[in-house]
1. Under 10 Å, Cα contacts only: if you run a Gaussian network model on the chain, which one of D30, D67, D38 comes out with the highest mean-square fluctuation?
2. Report the FRET efficiency, 1/(1 + (r/R0)^6), for I74 and K2, where r is their Cβ-Cβ distance and R0 is 35 Å, rounded to 0.05.
3. With the calculation restricted to Cα positions, what are the radius of gyration and Dmax of the chain in angstrom?
4. Multiply the residue gap between R23 and H62 by 0.36 nm, knock off their C-alpha separation, and tell me the result in nm, one decimal place.
5. Just going by the charge dipole of the chain, with Lys and Arg at +1 and Asp and Glu at -1 on Cβ, which of T56, G102, G22 is farthest out on the positive end?
6. Which lysines have a Cα lying under 29 Å from the Cα of K33, excluding residues fewer than 8 positions away in the same chain?
7. About the Cα centre of the chain, how large is the charge dipole given +1 on each Lys and Arg Cβ and -1 on each Asp and Glu Cβ? Please answer in debye to the nearest 20.
8. By counting other Cβ atoms within 10 Å of each Cβ, how are C46, C59 ranked from fewest to most?
Amino acid sequence: MKVRVHVHAFEERNSLLIWLKGRPVLVVKDGDKLYGMDAVCAHMGCAILSEVNGTTAMCPAHGAKYDVTNGKMIEKPNVKPEIPCEQEQIKLPLKTYKVTVGEDGLLDVN
Ligand code: FES
């Protein structure tokens, strides 16, 4: 699906959040590659908006980390053992998207 985001948007950042059919999707640029991944954390539903480092995205709520290349959780949420955790309900991996750049420079996210 073509989105109204030009590849020039990555000249000053390495990640951005787009909306795809009503879902927040994190798009990350690493070198000359682009990756897309659902931006809603599988732990308790917080959006993944911060601290993208390379191809790793961290949830600001409890620190779970995801690999945006495959949607896998690479570090579990940091919650105290005595606090109930919804981990048994985690649906992983997060959905990922193929991101390409069209001849017009706009992103195509599928
Ligand atoms: S909601 Fe993301 S780690 Fe808890």
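None of the figures in this text is laboratory data; all of them are computed from the coordinates on show. Model, not experiment: these values are computed from the prediction. Counting neighbours? That spans all protein chains shown, and the Cβs are built from the backbone with ideal geometry, glycine included.
1. Fluctuation is largest for D30.
2. For I74 and K2, the calculated efficiency is 0.70.
3. Answer for the chain, Rg first and Dmax second: 14.4, 53 Å.
4. Values: separation 39, 0.36 × 39 = 14.04 nm, distance 2.13 nm.
Gain in length upon complete extension: 11.9 nm.
5. G22
6. K2, K21, K65, K72, K76, K91, K95, K98
7. On the way: 14 positive and 14 negative charges, 57 e Å.
For this selection, approximately 280 debye.
8. On the way: C46 16, C59 26.
Final ranking by Cβ density, sparse to dense: C46, C59.
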